[in-house]
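Reading through the structure tokens given below for one structure.
Nothing in this text is a laboratory measurement; each read-out follows from the coordinates by a stated rule. Please read these numbers as outputs of a predicted model, since none were measured by experiment. As a convention, Cβ positions derive from the backbone with ideal geometry for all residues, glycine included, and neighbour counts pool all protein chains shown.
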Amino acid sequence: MSELYVVGIGPGGYADMTLRAAQTLNACEVIVGYTVYVDLIKAHFPEKTFLTTPMRQEVERVRLALETAAAGKAVAMISSGDAGVYGMSGLCFELGKDYPEVSIHTVPGVSAVLSGAAILGAPLIHDFAVISLSDLLTPWETIEARLCAAAQADFCICLYNPSSRKRRDYLSRACDVILRHASPETVCGIAQNIGRDGEQTRVLTLAELRTTEADMFSTVFIGNSHTKVVDGKMVTPRGYKHE
């Protein structure tokens, strides 16, 4: 049986990759991935064969990995963060049914929801929701409904893909939805370039977030009604009884 490993490489820095992920990449002959993500790890695995495809060629990338594995190579398909959180593992399993000779294994990584929370402080200590603002695969109406439900339930909310050149106003639109149920003073945070050069964070209010630009390398955190600022960090209490 041929092997395909779907590997989450974490936020980008080698130090943030799990030991199991690094060991898996070392053991594989071929590493397949989106060009930007391959560039993040290439220097640490110089003897490997790398196969890449650009953005929005996920299906082609997965078939390339499956066909390479079916040819007898030990292959790793990499995803940033965790391969099972907005990553490649689902598509690998879906398309893998056409390659019964290939056994697929998922190797978890550190998702941006976790690594971003770590550098902001402790925003996700209580219940939270993770929502992507990208409407490439999900209609905006569905995204809006999910934002509204999460805000109404007073979840902490983590936003992936907050904006792009074609979606410059999506973060402000999302804030408008959340403001139907949340205070403008709700504590929020932005984590940018997590684990990479230029890493930075900012803690601000929901009202301020509404007029703030965040790029595709940013992860946005919106607190619940109990989230507060402690020594410049974003902190959500685990329990409310001591407040």
Return a whole-number percent for the relative contact order of segment 1-142, with Cα pairs under 8 Å and 6 or more residues apart as the contact set.
35
For the chain, find the longest principal axis of its Cα atoms and tell me its angle to the long axis of helix 58-70, 0 to 90°, nearest 10.
30
What number in nm² do you get for segment 55-99 if you take the convex hull of its Cα atoms and divide its surface by four?
3.1
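DSSP loop (so not H, G, I, E, B), at most 13 other Cβ within 10 Å: list which trypsin sites (Lys or Arg not before Pro) in segment 44-131 pass both filters.
On the way: sites: 48, 56, 61, 63, 73, 97; in loops: 48, 56, 73, 97.
Sites meeting the loop and neighbour criteria: 56, 97.
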Over all Cα pairs of segment 1-78, the Kirkwood radius sets Rh, and Rg/Rh then becomes 0.93
Loop-located GluC sites (Glu not before Pro) in segment 153-212, at most 12 other Cβ atoms within 10 Å (DSSP):
185
Relative contact order of the chain: what whole-number percent is it, with Cα pairs under 8 angstrom and at least 6 residues apart?
20
Computed over the chain, the Cα gyration tensor eigenvalues, each multiplied by 5 and square-rooted, give semi-axes in Å (largest first) of 35, 19, 16
With everything on Cα atoms, drop me the angle between helix 140-152 and the longest principal axis of the chain, reported from 0 to 90° to the nearest 10.
50
Over what distance in Å are the Cα centres of segment 193-243 and segment 74-111 separated?
30
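For segment 122-211, which trypsin sites (Lys or Arg not before Pro) pass both filters: DSSP loop (anything but H, G, I, E, B) and at most 14 other C-beta atoms within 10 Å?
Passing both the DSSP loop test and the Cβ count: 165, 166, 168, 180, 196.
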With all distinct Cα pairs included, what does the Kirkwood hydrodynamic radius of segment 184-243 come out to in Å, to one decimal, could you say?
12.3
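What number, in percent, do you get for the relative contact order of segment 132-176 if the mean sequence gap of Cα pairs under 8 Å and at least 6 apart is divided by its residue count?
47
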Looking only at the chain, where both bridge partners belong to it, what percent of the DSSP beta bridges are antiparallel (to the nearest 5)?
40
Given backbone amide H placed at 1.01 Å from N, residues whose amide H is under 5 Å from that of residue 77, ignoring those fewer than 5 places away on the same chain, are 5, 6, 7, 32
